[in-house]
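Presented below is the structure to which this report refers.
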Amino acid sequence: MTLASATVRSGKHDPPAGPQDKRSRPVDRKGAGTWFLVLPALIPILILSVGPLLYGIALAFTDAQSGRTRSTQWVGGLNFQDLLHDTLFWDSFRIGLVWAFGVTVPQFALALGLALLLNQNLRMRWLARALAIIPWAMPEVVVGIMWRLVYNPDAGVLNETIRDLGLGDGRDWLTGLATALPAVIVVGVWAGMPQTTVALLAGLQNTPHELHEAAALDGAGAWRRFRTVTWPVLRPVALAITALNFIWNFNSFALVYVLTNGGPGGRTRLPMLFAYEEAFHYGQFGYAAAMGCVMVAVISVILAVHLAGRLRGGEDR
């Protein structure tokens, strides 16, 4: 008996492959539905972020200048060659790094202390948390104007306090060559500390209380409990918010622009301010775009190193 005849006698016939498969296979519409939901958020990003970024990169390879009658020519890497020998730009780049580190490090340290305090079971804790985020809710322009009043050499709160305490006659903090950058860094720390505090506070609240209680029963002190229980939970949040703060601080513009406008003598001229002056004061759009490309490249390298460290740390764990 052949296999075919056995199949016929048993009454087991395989159904036709083509039409039956088409009827039984459901149409997958999840992909189309997902793209339909993502488009309202994706289109503004492409138009307002990705598009200008690509246009700026293309502009960096031209001699674009202000003026309706000026023609734009392709110059290749000439702007980047000039940038390599531009000592003013590299001075501003150095100042930007000093500013970014000078703001990010104390910002994190103070925010960590404040987050640990606000995580305690204190009376009126809700009010303290609300007051702690007020600087975050204020626009940078308003923060800059407010601190200009604080630093005012004649009637500022800081100089008045120094005079009342008999510590001297005060000084002009924002125009002094030695005090301008430290004074601006203080403002940057004050303005950016709330967002770091909120992120760290959220991480602290994810720490299981049972682990603290077990460590306390074992005789561990406050520092040991923080090092062995709190910090391992808080470390991913701390690394992420520190990297973001460094990028935000390096790209700062409005706060320093309102406070000093890059002065005195370029002591607070951050890279963004330098690029702004080249573009809108001197009309060198192509050259300013090349500066922007260099800053984007630096930030990309920092992000790559940060992500590589995060991935390596995850593999080690």
| For the chain, accessible area per residue (1.4 Å probe, heavy atoms of protein chains only), Å² | 63
| field | Linear extension gain, Ile247 paired with Ala220, 0.36 nm per residue minus alpha-carbon span | value | 6.0 nm
| request: Report, to the nearest whole %, how much of the accessible area of region 197-317 belongs to carbon and sulfur atoms, 1.4 Å probe, protein only. | output: 62
| field | Rg/Rh ratio calculated on Cα atoms of region 57-177 (Kirkwood radius) | value | 1.16
| task | Using only Cα atoms, figure out Rg for the chain and give it as a multiple of 2.2 N^0.38 Å. | result | 1.50
| message | Explain nothing, just the number: dipole magnitude of region 66-200 about its Cα centre with +1 on each Lys and Arg Cβ and -1 on each Asp and Glu Cβ, in debye rounded to the nearest 20. | response | 500
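Would you mind telling me the share, in percent, of accessible area of region 57-192 contributed by carbon and sulfur at probe 1.4 angstrom?
On the way: 5420 of 8340 Å².
Heavy-atom surface of region 57-192 belonging to carbon and sulfur, 1.4 Å probe: 65 percent.
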| task | Using +1 at the Cβ of each Lys and Arg and -1 at the Cβ of each Asp and Glu in region 128-268, identify which of Trp136, Asn249, Ile162 lies farthest towards the dipole's positive end. | result | Asn249
| request: Kindly provide the pair-distance distribution of region 77-133 built from C-alpha pairs, with 5 Å bins from 0 and whole-percent values in order of increasing distance. | output: 4, 15, 15, 12, 9, 9, 8, 7, 7, 6, 5, 2, 0
| request: Would you mind calculating the gained length between Leu37 and Val296 on full extension (0.36 nm times residue separation, minus the Cα-Cα distance), in nm to one decimal? | output: 90.3 nm
| field | Helix-derived mean residue ellipticity, 222 nm - over the chain, DSSP H n ≥ 4, -39500 (n - 2.57), to 500 | value | -21000 deg cm²/dmol
| said: Would you report the distance distribution of C-alpha pairs in region 217-313 as whole percents per 10 angstrom bin, up to the bin with the largest distance? | reply: 14, 30, 24, 17, 10, 4, 1
| Under unit Cβ charges (Lys, Arg +1; Asp, Glu -1), what dipole magnitude, rounded to 20 debye, does the chain have relative to its Cα centre? | 1380
| field | With 5 Å bins from 0: P(r) over region 184-238, alpha-carbon pairs, percent | value | 4, 19, 22, 17, 14, 11, 7, 4, 1, 0
| field | Extension gain, Ala109 back to Tyr55 (0.36 nm per residue minus Cα-Cα distance, nm) | value | 15.6 nm
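The values are calculated or read from the model by the stated rules, or taken from the named source; none is laboratory data. It should be emphasised that the depicted structure is a prediction, and the values quoted were computed from it without experimental measurement. Virtual Cβ from ideal backbone geometry, glycine too; neighbours counted across all protein chains shown. Remember, those area values only see protein heavy atoms, side chains included, never the ligands or the DNA or RNA. Shrake-Rupley method; radii C 1.70, N 1.55, O 1.52, S 1.80 Å.
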